[in-house]
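What follows is a short report on a single structure.
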Amino acid sequence: MKIDGAVAALNEERTKLVRQLAELGANENGELTGDVDYGDGFADAAAATAERSEVLGIVENVTKLLADVDQALAKVEDGTYGRCKSCGKEIGAARMEFRPTSRYCVDCKSRRSA
């Protein structure tokens, strides 16, 4: 994947993630803005709390994905995009195309997961 294509894909992903956070009532930092109405349909506080907990979990996951995208864009800026964080070797083009936020080559990722 060429750098220009990677940047376009990363920016598109970033826009999508920021939109998801807004729909969940959170800003880019994952802080709830209070813009989501849980409705009057909740019969009790326990149901509202459960719903809010679920939303917070989703917000946390989306925020982590957004941080990965931002890190990848920063690597483009500093000229290290596509290099393994562990061994420094170039990450394969197929892996970068499949997952543009990859920080590790397949070998290093496999060792980290083991």
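Quickly run through the range 1-17 and pick out the residues that are surrounded by fewer than 16 Cβ atoms within 10 Å (Cβ to Cβ) and modelled with pLDDT of 90 or more. 8, 11, 12, 15, 16, listed by residue number. Among the residues making up the range 72-96, those that are within 16 Å of the chain's Cα centre (by Cα) and either over 15 Å from residue 108 (Cα atoms) or without any contact (Cβ under 8 Å) to a residue 24 or more places away in the chain (or both) are 72, 73, 74, 75.
Among the residues of the range 97-114, the ones that are outside any loop (DSSP other than H, G, I, E, B) and either over 20 Å from the mean Cα position of the chain (by Cα) or more than 17 Å from residue 9 (Cβ to Cβ) (or both) come to 8 in all. Just so you know, in the range 70-89 the residues that are in a helix (DSSP H, G or I) and not aliphatic (A, V, I, L, M) include one that is surrounded by the most Cβ atoms within 10 Å (Cβ to Cβ), and it is 75.
Take the range 1-31 and flag every residue that is assigned to a loop (DSSP other than H, G, I, E, B) and under 22 Å from residue 83 (Cβ atoms). Working first, answer last.
Residues of the range 1-31 assigned to a loop (DSSP other than H, G, I, E, B): 1-2, 24-25, 27-31.
Selection gives 1, 2.
The values are calculated or read from the model by the stated rules, or taken from the named source; none is laboratory data. Just so we're clear, the structure is a prediction, and the values are computed from it rather than from any experiment. Note that we place each Cβ from the backbone using ideal geometry, even for glycine, and neighbour counts take in every protein chain shown.
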